[in-house]
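The structure appears below as structure tokens.
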């Protein structure tokens, strides 16, 4: 059993005796008084003090000098058992000192916030019931152990060193930290830690008052997340409107160029037919006039005959790709997609792959394995597009990181599959990559708002958090992942059909 030094009046010393009448605690003043009165080596010290407390004092001393030492004792219930307190004083009015100590003790015992007292090495000497309730640890779990049993791993070692440095300098430390309960769950805590000096002015102990602020911190994080998401949504809507406008402006000249190219293709065929006849005539009947022969030779008709039709076909193919990208941009950013409606997710995936091609084409091969006759899903397609884009871009980035780290010569792969899970009444989308994989130490954090492993300026830490919010909270779906370091990661989206 351990107990805090509650009384810091130099005139009163405190001892605690366990149920076997063994002294388990004595404060510095009690030790000094026992030494001054020659009682420190008494084998039956507890019995002598308890007997003396019945008459209120004892007379003792060193050598011939004898003095009166006031003594009183009583029982005290503490968490985990009971003990006997003994108070010593050379001055009168000891009982008022006793009452003061007991009031302090009961106040700390009943405090609604956690109170913990440690030595200067951080070894726990006492904690109140609120500490046990907050952390899940019982006295047998924490007494005599360092307060570091609460470490969550979320703070660097220098964070704790700064706390100890502040206290050992005699200053109060106040702040927030993340700790871990006995069951492994994390909680946010607000703590005020105060150094406690002994009678000689040297710091002997620390007392800390702790309050669980997880609910408050969660509300703050949710508010920040909503603000960021609102800003992100407004930004996406603005970009979407801009993209839709640009796509519309590009669409008209694209169509005009496409029509002209098809006209040129048709006209070229007719012109080439005439030139073929002329070429055949010249081979059978000899050259025509000198000017025509000279121009014909300069034309290099065999080369031109082969390359011009091919150039027109390549131009038609290129303009078709442009038209496809423009169409995908229009559908991806269509302003009418911000409410729920039946949507073709396969088509949405194809559009998103097209729009994001510049992000992945240099690092990965894109493989699509889309289920035939996939049922339409009741969803907000604009938000689903946002999730798909985030996951595809993340996949491309992690492959790029692996290519740099391992000096790959080949591209990686991004594979997107869709399945209809009829029994569950849902559709599954899987986006798998051959990137770095997610380290085990951060797997439980990647969906947290603002958490990112990217360099400053390369990510806000909101992509996966927003994806989780959209899939799980707005669409009542599920977002999970499988990962293996050095092999890659697969994200699984499950969306109910309705």
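From 305, 283, 204, which residue is at pLDDT 75 or above and assigned by TED's automatic domain parsing to the domain that holds residue 124? Steps first, answer last, please.
Working: 305 fails: assigned by TED's automatic domain parsing to the domain that holds residue 124; 283 fails: assigned by TED's automatic domain parsing to the domain that holds residue 124.
On inspection, the qualifying residue turns out to be 204.
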Over the stretch 410-440, the set of residues surrounded by 21 or more Cβ atoms within 10 Å (Cβ to Cβ) and under 14 Å from residue 345 (Cβ atoms) is 416, 427, 429, 431
Check your understanding: Looking at the stretch 400-409, is at least one residue farther than 23 Å from residue 477 by Cβ, surrounded by 22 or more Cβ atoms within 10 Å (Cβ to Cβ) and in the same structural domain as residue 469 (by TED's automatic domain parsing)?
Key -> no
Quiz item: For the stretch 218-241, does any single residue satisfy the condition of being at pLDDT 65 or above, surrounded by 15 or more Cβ atoms within 10 Å (Cβ to Cβ) and assigned to a strand (DSSP E or B)?
Solution: no
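What strands (runs of 3 or more DSSP E), lying completely within the stretch 339-380, carry at least 1 residues that are over 16 Å from residue 422 (Cα atoms) and over 30 Å from the mean Cα position of the chain (by Cα)? Talk me through it step by step, then tell me what you get.
Numbers: elements: 341-343, 364-369, 377-379.
Result: 341-343, 364-369.
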Of the residues in the stretch 156-170, those that are in contact with a strand residue (DSSP E or B) (Cβ under 6 Å, 6 or more places away or on another chain) and over 20 Å from residue 200 (Cα atoms) number 1
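Whether any residue in the stretch 127-145 is surrounded by fewer than 16 Cβ atoms within 10 Å (Cβ to Cβ) and closer than 27 Å to residue 442 by Cβ is what I want to check. Even if it seems obvious, please write down each step before you answer.
Of the residues in the stretch 127-145, the ones surrounded by fewer than 16 Cβ atoms within 10 Å (Cβ to Cβ) are 133, 136, 138, 140-141, 144-145.
From the residues that got through so far, the ones that are closer than 27 Å to residue 442 by Cβ too are 136.
Among the residues of the stretch 127-145, at least one is surrounded by fewer than 16 Cβ atoms within 10 Å (Cβ to Cβ) and closer than 27 Å to residue 442 by Cβ, which makes the answer yes.
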Here the qualifying pairs (Cβ atoms under 8 Å; residues six or more apart or on different chains; first in the stretch 260-279 and over 15 Å from residue 305 (Cβ atoms); second surrounded by 12 or more Cβ atoms within 10 Å (Cβ to Cβ)) come out as 261/312; 261/315; 261/316; 261/319; 262/316; 264/312
Here the residues within the stretch 385-398 that are out of contact with any helix residue (DSSP H, G or I) (no Cβ under 6 Å at 6 or more places or on another chain) and either assigned to a strand (DSSP E or B) or in contact (Cβ under 8 Å) with a residue 60 or more places away in the chain (or both) are 386, 391, 394, 395, 398
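Considering 388, 421, which residue is touching a strand residue (DSSP E or B) at 6+ places or on another chain (Cβ under 7 Å) and at pLDDT 85 or above? Full working, then the answer.
On the way: 388 fails: touching a strand residue (DSSP E or B) at 6+ places or on another chain (Cβ under 7 Å).
After applying the criteria, what remains is 421.
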The residue from 192, 149, 178 that alone is in a helix (DSSP H, G or I), without any contact (Cβ under 8 Å) to a residue 40 or more places away in the chain and more than 30 Å from residue 33 (Cβ to Cβ) is 149
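Can residue 413 be described as farther than 21 Å from residue 477 by Cα, under 30 Å from the mean Cα position of the chain (by Cα) and assigned to a helix (DSSP H, G or I)? Working first, answer last.
Numbers: farther than 21 Å from residue 477 by Cα: yes; under 30 Å from the mean Cα position of the chain (by Cα): yes; assigned to a helix (DSSP H, G or I): no.
Here the answer is no, as residue 413 does not meet what is asked.
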**Prompt:** Do the conditions hold for residue 147, that is, is it modelled with pLDDT of 90 or more, in the same structural domain as residue 182 (by TED's automatic domain parsing) and out of contact with any helix residue (DSSP H, G or I) (no Cβ under 8 Å at 6 or more places or on another chain)?
**Reply:** yes
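List the strands (runs of 3 or more DSSP E) that sit entirely inside the stretch 2-70 and contain at least 2 residues that are more than 55 Å from the chain's Cα centre (by Cα), within 30 Å of residue 138 (Cα to Cα) and at pLDDT 80 or above. Reasoning before the result, please.
Working: elements: 12-17, 23-26, 57-60.
Result: empty, no element qualifies.
The values are calculated or read from the model by the stated rules, or taken from the named source; none is laboratory data. Bear in mind the structure is a predicted one, so any value in this text is a computation, not a measurement. All Cβ positions, glycine included, derive from the backbone under ideal geometry; neighbour counts span all protein chains shown.
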